[in-house]
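**Q** Quick one: structure below, then a few questions.
The values are calculated or read from the model by the stated rules, or taken from the named source; none is laboratory data. The shown structure was predicted, so the numbers you read here are calculated from the model rather than taken from an experiment. A quick note on method: Cβ atoms are made from the backbone with ideal geometry, for glycine too, and the neighbour counts reach across all protein chains shown. The accessibility values were calculated without ligands, DNA or RNA, using every heavy atom of the protein model including side chains. Shrake-Rupley method; radii C 1.70, N 1.55, O 1.52, S 1.80 Å.
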Amino acid sequence: MVGKVAGVLDRLLQKRSVRRWEEMAEAAPSVDADVLRGWRSRARAMRRQLDRVIHQAEHRLALPLIGSNAMRKPLGTDWAWRPDLWRGPMPVPGHASVPNRMQFCEGATVFHDCRVSELTVRQIRNERETDVAPFGFRMDVFRFDGSFLSLVIDLPEEAAQGLRLRHLVRLDVIVELEKPLEIFARLNVKHGPNTEQIVLEMPLGAEEVMVEFDLTYTKINEKRIEKLWIDLIFEGPEMNQIILRDVTVSRRPRADL
């Protein structure tokens, strides 16, 4: 109740203030110079605060909405998903000297075999006009004495439900690199005691890249599919900054021949 009353009073005071400034603007051409000088000082002080509010509002409202699941979906898509790492803020936004098998958040784990870790990871807020995902994931790699660095993304149970050999599983990534780097994507499908793996190299030279895993020629047992996960493997990442602005996974059935 108190909040409602305060809101009503604020609106009344704002209307009165706007009306007063309208009157002052109309009188400005003929008012005494000393009075006009005082009005100018008051207007400039108010304008500074108004500009601050407008600047912050335009900045924040231009950012992708936190929790947004908007994404580009190919025609015929029957399931699409963006991992939480790119959707909402993490309780701990960053880590330094990242150890092997460090789970950054639920469903996203960093793997490497360095003896001495000089790897820093951090969730960042996307701010570009072209960004669709609210957050990005940055890895700063300094000296790297290991043989591999990967980010493992666990797919939810829905990815396995209804999955058939006629499906294409698509991975879309928006990536920024400080210098060129080979990136491989590996789809892992656990079916019963076995795990089928499909490895594809992601195209170089573009920020928005995509690969499609074709399940048609695999030996996956459709009736026993239990779990899916994707490994993003970075080859020779030493002295590089890797920013994954967005990661989305979708699937669609292959067109009938």
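**Q** Would you confirm whether or not the stretch 164-174 contains a residue that is in a loop (DSSP other than H, G, I, E, B) and either surrounded by 18 or more Cβ atoms within 10 Å (Cβ to Cβ) or free of Cβ contacts under 8 Å to residues at least 24 places away in the same chain (or both)? Walk me through how you get there before you give the answer.
**A** So the first thing to find is which residues in the stretch 164-174 are in a loop (DSSP other than H, G, I, E, B), and the list is 164-166.
Adding the requirement that they be either surrounded by 18 or more Cβ atoms within 10 Å (Cβ to Cβ) or free of Cβ contacts under 8 Å to residues at least 24 places away in the same chain (or both) leaves none.
No: the stretch 164-174 contains no residue that is in a loop (DSSP other than H, G, I, E, B) and either surrounded by 18 or more Cβ atoms within 10 Å (Cβ to Cβ) or free of Cβ contacts under 8 Å to residues at least 24 places away in the same chain (or both).
**Q** Can you tell me which residue among Ile198, Ile233 is farther than 19 Å from Phe137 by Cβ, touching a Phe, Trp or Tyr at 6+ places or on another chain (Cβ under 6 Å) and in a strand (DSSP E or B)?
**A** That would be Ile198, the only listed residue that is farther than 19 Å from Phe137 by Cβ, touching a Phe, Trp or Tyr at 6+ places or on another chain (Cβ under 6 Å) and in a strand (DSSP E or B).
**Q** Could you go through the stretch 63-83 and let me know if any residue there is open to solvent by 80 Å² or more (accessible area, probe 1.4 Å) and without any contact (Cβ under 8 Å) to a residue 60 or more places away in the chain.
**A** Checking the stretch 63-83: not a single residue is open to solvent by 80 Å² or more (accessible area, probe 1.4 Å) and without any contact (Cβ under 8 Å) to a residue 60 or more places away in the chain.
**Q** Please work out if Ser97 is free of Cβ contacts under 8 Å to residues at least 24 places away in the same chain, surrounded by 17 or more Cβ atoms within 10 Å (Cβ to Cβ), under 23 Å from Met239 (Cα atoms) and of a type in the set (S, T, N, Q). Explain how you work it out, then say what you get.
**A** On the way: free of Cβ contacts under 8 Å to residues at least 24 places away in the same chain: yes; surrounded by 17 or more Cβ atoms within 10 Å (Cβ to Cβ): no; under 23 Å from Met239 (Cα atoms): yes; of a type in the set (S, T, N, Q): yes.
When the stated conditions are applied, Ser97 does not pass them.
**Q** Still on this structure, please answer the following. Taking the options Leu63, Leu12, name whichever one is more than 30 Å from Glu157 (Cβ to Cβ) and modelled with pLDDT of 80 or more.
**A** On the way: Leu63 fails: modelled with pLDDT of 80 or more.
Being more than 30 Å from Glu157 (Cβ to Cβ) and modelled with pLDDT of 80 or more holds for just one of Leu63, Leu12, which is Leu12.
**Q** Next up: Give me a count of the residues in the stretch 109-148 that are surrounded by 20 or more Cβ atoms within 10 Å (Cβ to Cβ), farther than 19 Å from Glu238 by Cα and out of contact with any strand residue (DSSP E or B) (no Cβ under 6 Å at 6 or more places or on another chain).
**A** So the count comes out to 1.
**Q** Find the residue count for the stretch 235-250, including only residues that are open to solvent by 20 Å² or more (accessible area, probe 1.4 Å) and either out of contact with any Gly (no Cβ under 6 Å at 6 or more places or on another chain) or on the phi > 0 side of the Ramachandran plot (or both).
**A** 5
**Q** Still on this structure, I have one more. Counting just the residues of the stretch 175-204 that are open to solvent by 20 Å² or more (accessible area, probe 1.4 Å) and touching a residue at least 40 places away in the same chain (Cβ under 8 Å), which one comes out nearest to Leu85 (Cα to Cα)? First the steps, then the outcome.
**A** Just the residues of the stretch 175-204 that are open to solvent by 20 Å² or more (accessible area, probe 1.4 Å), to begin with: 176-180, 182, 184, 186, 190, 193-201, 203-204.
Checking the rest, the ones that are also touching a residue at least 40 places away in the same chain (Cβ under 8 Å) come to 176-179, 182, 184, 186.
Working: Glu176: 17, Leu177: 19, Glu178: 21, Lys179: 24, Glu182: 22, Phe184: 20, Arg186: 19 Å.
Here the residue is Glu176.
**Q** Also, quick follow-up: Taking the stretch 149-163, which residues are outside any strand (DSSP E or B) and either open to solvent by 70 Å² or more (accessible area, probe 1.4 Å) or touching a His at 6+ places or on another chain (Cβ under 8 Å) (or both)? Give the steps one after another, and end with the answer.
**A** Taking the stretch 149-163 as the starting set, the residues that turn out to be outside any strand (DSSP E or B) are 155-163.
Those that are outside any strand (DSSP E or B) and either open to solvent by 70 Å² or more (accessible area, probe 1.4 Å) or touching a His at 6+ places or on another chain (Cβ under 8 Å) (or both): Glu157, Glu158, Gln161.
**Q** As an exercise: evaluate Gln103 against (1) assigned to a loop (DSSP other than H, G, I, E, B); (2) at negative phi; (3) open to solvent by 50 Å² or more (accessible area, probe 1.4 Å) and give the number of the one condition it does not meet.
**A** (1)
**Q** Give the stretch 68-116 a look and list any residue that's of a type in the set (Ser, Thr, Tyr) and either over 25 Å from Val132 (Cα atoms) or in contact with a Pro (Cβ under 7 Å, 6 or more places away or on another chain) (or both), or say none.
**A** Ser68, Ser97
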